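Chemist: One structure, as structure tokens, below. Some questions next.
Only the coordinates and a few stated rules stand behind these numbers; no lab work does. Predicted model only: the values in this text are computed from it and were never measured. Methodologically, a virtual Cβ is constructed for each residue, glycine included, from the backbone with ideal geometry; neighbour enumeration extends over all protein chains shown.
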Amino acid sequence: TTKKTTSTNKNTNTSKTTSTTKKPTIKLNGVDKSVTDRMNSQFKPSKAYQEAMAQTQALLDKINSGKTSYTDQIKGLIGDIQNREDFSYDVDSDMLFQQYLSTMTQTGQTAMQDTMGQASMLTGGYGSSYSQAVGNQAYNQYIQEAYTNLPEYYQMALQTYQMEGDEMYKQLAMLNEADATEYGRYVDSWNANKSTADTMYSQEYQAWADDVANATNIAGMQNSDYWNNKNYNLSLTQARKSSGGGSG
């Protein structure tokens, strides 16, 4: 019997080869056939052992594949991280800033109209160019204020980009942890199944070896009895012949 087992993380190989040199058939005079059959029997693992080894091999194949139920998710997320575009800022695409700019524009338009009305009242309604100028000035102040705050919106957009990246790495870390846990369960199950199968094999082999040894002992005794009886009968026959020859 030859055993060979090698176990490494995500690279586990095992082989169990049962090679029994076929014994020559032994025939002994005076030995019962049932005893001879037991003495000449070849070791054959049970169906239960073969099923246990099949389960162990299935777990081993899963281990060597390196795959878990999280593998595809991890690959997909890694691809998303690797293919993620570098940060760039487009003010026209910044909806938050555009909403802010729209509010400031409306406020500026209201301020422009109020300023133009007040200027028109001060000039008796004759200073239309003046009222237009001061109205535009009031409007431009709001627009200028909006763009003065643009760096804050740039920073918010950058922080959002960075937070999204951090969240992707957090998800990857959680998936990797879950992957490692599930893979560890595969390895633990394989070790448990293999230990059970090896124990089963050892017990079955020992039971077979003990039975062969017992049968061999019985065969030896039966064979010895056979020859003892044969020698006794031979001696008895010779003695009778000798006795009969003398009387003649």
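Chemist: Using 19 Å as the cut-off for backbone N distance, which residues of the stretch 139-181 belong to the label zone defined by a point 7 Å from the Cα of residue 91 along Cα→Cβ?
Modeler: Within reach of a label on residue 91: 139-159.
Chemist: Of the listed peptides 86-92, 107-113, 33-39, 223-229, what is their order by residue-averaged count of other C-beta atoms within 10 Å, with the highest listed first?
Modeler: The peptides rank, most packed first, as 107-113, 33-39, 223-229, 86-92.
Chemist: Follow-up. Taking a spot 7 Å from the Cα of residue 203 along the direction of its beta carbon, which residues of the stretch 28-72 have an amide N less than 18 Å from it?
Modeler: Only 44-56 fall inside the zone, counting backbone N under 18 Å.
Chemist: In the stretch 30-76, if every C-alpha pair distance is counted and binned at 10 Å from zero, what percent goes to each bin?
Modeler: 20, 22, 20, 15, 11, 8, 4, 1
Chemist: Which links in 75/170; 47/67; 47/194; 33/241; 27/47; 67/170 stretch past 23 Å when you go from one Cα to the other?
Modeler: With Cα atoms farther than 23 Å apart: 47/67; 33/241; 27/47.
Chemist: What area, in nm² and to one decimal, does the C-alpha convex hull of the stretch 157-248 cast on average over all directions?
Modeler: 7.1
Chemist: Simple spin-label model, 7 Å along Cα-to-Cβ: residue 181 to residue 25 in nm?
Modeler: Those two pseudo-labels are separated by 6.1 nm.
Chemist: Residue by residue through the stretch 35-45, what is 3J(HN,Hα) from phi via Karplus (6.51 cos²θ - 1.76 cosθ + 1.60, θ = phi - 60°)? Round to whole Hz and write x for glycine and proline.
Modeler: 6, 4, 4, 5, 5, 9, 5, 9, 6, 9, x
Chemist: A further question follows. Could you run the Karplus curve 6.51 cos²θ - 1.76 cosθ + 1.60 with θ = phi - 60° over the stretch 73-88 and give me ³J(HN,Hα) per residue in whole Hz, x for Gly and Pro?
Modeler: Taking θ as phi minus 60°, the curve returns 5, 5, 4, x, 5, 4, x, 4, 5, 5, 9, 5, 5, 5, 5, 9 Hz for the stretch 73-88.
Chemist: Could you let me know the centre-to-centre spacing of the stretch 48-99 and the stretch 165-220, using Cα atoms, in angstrom?
Modeler: Value for the Cα centre distance between the two parts: 28 Å.
Chemist: Please get the size of the charge dipole for the stretch 26-126, origin at its Cα centre, with Cβ charges of +1 on Lys and Arg and -1 on Asp and Glu, quoted in debye to the nearest 20.
Modeler: 1420
Chemist: Ratio of the stretch 66-204's C-alpha Rg to 2.2 N^0.38 Å, to two decimals?
Modeler: Rg over 2.2 N^0.38 Å, computed on Cα atoms: 2.25.
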